[in-house]
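Throughout, read-outs are computed from the coordinates displayed, never taken from laboratory work. Nothing here was measured: the structure is a model prediction, and the numbers come from that model. Reconstructed Cβ throughout: ideal geometry from the backbone, glycine too, with neighbour counts over all protein chains shown.
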Amino acid sequence: MVDKAHRLTLLEELYRNSRVRASHLTEKLHLSRQTISKIRTNLWEKHIIDRPTFIINPLVLNLQYFFMEIKTNPSEPKILEQIKKNDELASIDGVLGEYSLIAKFEVQTKKNFAEILSQIDENISESLFSSYRIIECIDIFKVGGFVLERSHPTKKLDDHEKKWRLLQLLQKNFNIKRWPDRPNEIFFTESEQQLLDKINLSREFNRFQVDNIIQDFTISLNNEKLRALISGGERIYKEPDFSTKFYLQIQPEQMSQYTMLANRLVKEPNIIDLYRTGNEAGLLAIVRTRGLKGLNNFLKHLYEKYPIMNTHTTVVVEEIKPAIYPPTMKIANEICK
């Protein structure tokens with residue numbers, strides 16, 4: 001009999017390694033290959049798994065990350081729709097506070113981001129109620145719960161525009177042959193599929209791995225759907241470990257402590273992403289906890305354990321474009337050791 005525990009175990013295994021062999025899954029779950037395939041198909045159909053993906057090591061490619069806090073008028077959805085069309089958009093959330101949206105962009109160069117800004121400026125100029133503020137990241141320590149490997153040398157992509165475009169497409173669904181449960185058109189437009197058909201996908205994919213550009217293979221989850229699976233549709237006293245998302249700006253007690261503090265904070269399983277920024281606080285963490293009470297406990301823990309002067313929290317009320325995060329605290333603990 002397949003139950004909730006089987007589904008969660010499968011999600012945990014796929015998060016550790018979305019290329020995991022079927023033989024490992026049958027041994028781990030004590031189920032047949034056919035049953036495991038049915039469970040995975042069910043997770044697709046319920047949109048709990050958003051897509052199979054991988055973690056790019058941005059340190060190898062020297063990628064640039066920017067966060068944009070955006071103030072919008074709810075009666076003018078055009079700005080949001082335009083932002084969502086950007087291939088460089090990594091995630092976007094609706095938040096509480098002075099700004100209504102926070103968007104994260106992953107780009108090759110500052111010039112690429114300047115081009116995105118020009119497009120956004122055009123859209124904002126048509127509205128009387130919109131503005132934005134930019135947070136530039138100058139270093140990155142953790143992504144999707146995975147601590148980044150910092151020992152590999154910087155690598156430049158040959159024919160970089162084309163290769164970067166290919167990496168972006170593969171992040172949507174790299175396991176085209178291993179994950180046949182959903183058709184490609186769910187992930188790729190017609191023009192994107194035509195580009196993939198023109199290249200030797202296996203050769204390019206293997207090259208990305210050899211060059212350490214791809215660090216880990218994982219899955220992207222839909223938070224709302226995962227909550228429904230774990231709570232069973234009941235009231236949220238059975239909330240998932242990471243049901244609630246926050247942006248947390250952290251200021252250390254001394255300026256000299258930024259790197260030391262970041263290298264310690266990456267071990268915290270509730271911190272999913274961690275960046276060094278150019279703003280006053282200095283560190284920006286994406287934090288997930290089990291509700292607001294979990295956040296309060298986590299903040300108390302931070303102040304007791306680390307040399308922190310101040311923090312500022314922004315609460316996410318809607319995850320518009322899902323980001324990568326672990327399904328359970330158990331997995332978060334394992335991958336950030």
Report, largest value first, the span of the C-alpha coordinates of region 1-91 along each principal axis, in whole Å. 50, 38, 17
Given Lys225/Lys321; Lys38/Lys104; Lys38/Lys84, which pairs have Cα atoms separated by over 25 Å? Lys38/Lys104; Lys38/Lys84
In what order do Glu88, Glu12, Glu190 fall by count of nearby beta-carbon atoms within 10 Å, going from fewest to most? Glu190, Glu12, Glu88
Rounded to a whole number, the Stokes-Einstein D of the chain in µm²/s (Kirkwood radius over Cα pairs; 25 °C; 0.890 mPa s) is 116
For Phe217, which sequence-distant residues (separation of 5 or more, or a different chain) have an amide H within less than 5 Å of its own amide H, given hydrogens modelled in the peptide plane? Ser18, Ile55
Given Cα pairs under 8 Å that are at least 6 residues apart, what percent is the relative contact order of the chain? 26
Normalised by the empirical 2.2 N^0.38 Å for globular proteins, what value does the Cα Rg of region 64-128 take? 1.06
So what is the diffusion coefficient of region 236-335 in µm² per second by Stokes-Einstein at 37 °C and 0.692 mPa s, using a Kirkwood Rh over Cα pairs? 235
Two pseudo-spin positions, 7 Å from Cα along C-beta at His160 and at Tyr306, lie apart in nanometres by 3.1
